[in-house]
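Engineer: One structure is given below, represented as structure tokens, and several questions about it will come after.
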């Protein structure tokens, strides 16, 4: 046994050395790799999955359901981790995630897939927030950038492997007698099993149980508030925004939100989201900004793969690899901001610059047309990624640094929670905008294209006889509706006939990016209110243990 290990065993207050921290990081990175890989694989394969399950226009629910449950349970993981210790919760989160992945692999419709993704999200909610909370425990804010490269390596590896693996599975008709896309979820089983083994072996932290109540009613009311509002954001275009179903969702959601805030006020420090914490200006500003960034980030991430696959005709694998400039931007922005923060202790300028980059990038995306050269789109992706990289670490760091050591779990889960709230809203609203306008845009493009000589020549071509009926008089709406249910037929369509579909999709996405740019302008203005607080030089883990020892000695 090394001296540092003996010292740690004898004195749980002793700060962890570099070797001990890296050992713990291995377990955390395995859990985070599981979640990061799943996101990139599913994002790449979702078009194939939705086409196979006959529900491309309902694909948002596969993402939104996952985000809803992961968002709701994130603050619970933070509170439970503070009480019972983060290792138990981390192992539980991985186990639930694996179980949900198996369920997803056997989905038979977009509805069942959405339900199973919700189960998967219950586990995912703890993977990021608990890992970030543990890092907040053991590494001082000023030193955190030294270990940031490990996490960036995880996300970078997942971003490269995810599209390749997802594209391979989505493109395979069958593997071992099982449809190829179902392996997108089954691959989580061996990866998750390895993560469980590593976490159980490496993640050893001293923990003193805190005597707190669990705010189960707050969690239930939060669900009551979020689910109806996200439901109407996704389904409102079909129900009608003023229909009885939509109005019911508005009323239930608002009443749930009022009840949630009342419960959190009543529970005070025992709440899953203590309202007093938001009186801290750093936490309050960061939380509002994180919601807006989540809207822009997840909205953009949902729309870009669809643009690349449907409009540019990329395969799932190609689309994933085309997103690498954004991944490189995230890594560059995170590394640059982390190194400068580590040396100077100043973080405020990065979220401000990052928010400005996000707003400008989304606005430029809205000028991208169906025939825009790919290198131009990828250049904007790089800037978008840098903007995200400038926000991820600094905002989490600011929130963790602004609260007492005893609240590090709740504070970290709050930072993750607010970003996921924005993500759930962004995915539901942006894809709702996309699919509610895409039909009209395609229909309008078809009306313009059909009378042209080029289009008529394509219709007269015997090779196109099988689809010619879609373009007869009065059939534009049916043709537009058909592609929203299953876009795969565009792959084999004569490019002269496919052109109006691509134009329509591209124009619908223009509106999505324009709305996103408007959201990020507000985010930029909010970020200007972020104060600067000097970063602590001691680890929360040691400080909290010293506080507990002092309190015990006083009694």
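Engineer: Hey, could you check segment 378-389 for residues that are at pLDDT 90 or above and under 16 Å from residue 305 (Cβ atoms) and say which is surrounded by the most Cβ atoms within 10 Å (Cβ to Cβ)?
Structural biologist: Among those residues, the one meeting the criterion is 384.
Engineer: Test of understanding: among 293, 258, which residue is assigned by TED's automatic domain parsing to the domain that holds residue 521 and touching a helix residue (DSSP H, G or I) at 6+ places or on another chain (Cβ under 9 Å)?
Structural biologist: Matching residue, one of 293, 258: 293.
Engineer: Next up: Quick one: which of 384, 350 is assigned by TED's automatic domain parsing to the domain that holds residue 310, within 14 Å of residue 293 (Cβ to Cβ) and under 19 Å from the mean Cα position of the chain (by Cα)?
Structural biologist: Matching residue, one of 384, 350: 384.
Engineer: How many residues does segment 306-324 hold that are surrounded by fewer than 19 Cβ atoms within 10 Å (Cβ to Cβ) and at pLDDT 80 or above?
Structural biologist: 2
Engineer: Just to verify a result, which residue in segment 34-70, among those that are more than 19 Å from residue 173 (Cβ to Cβ) and not in a helix (DSSP H, G or I), is modelled with the highest pLDDT?
Structural biologist: Taking the candidates together, the pick is 59.
Engineer: For the condition at pLDDT 80 or above, surrounded by 14 or more Cβ atoms within 10 Å (Cβ to Cβ) and touching a helix residue (DSSP H, G or I) at 6+ places or on another chain (Cβ under 6 Å), what is the one hit in 187, 199?
Structural biologist: Testing whether each residue is at pLDDT 80 or above, surrounded by 14 or more Cβ atoms within 10 Å (Cβ to Cβ) and touching a helix residue (DSSP H, G or I) at 6+ places or on another chain (Cβ under 6 Å) leaves just 199.
Engineer: Tell me whether segment 461-480 contains one or more residues that are over 27 Å from the mean Cα position of the chain (by Cα) and modelled with pLDDT of 75 or more.
Structural biologist: Yes, segment 461-480 contains a residue that is over 27 Å from the mean Cα position of the chain (by Cα) and modelled with pLDDT of 75 or more.
The values are calculated or read from the model by the stated rules, or taken from the named source; none is laboratory data. Quantities reported herein were computed from a predicted structural model and do not represent experimental measurements. Every residue, glycine as well, gets a Cβ built from its backbone with ideal geometry; the counts of neighbours run over all protein chains shown.
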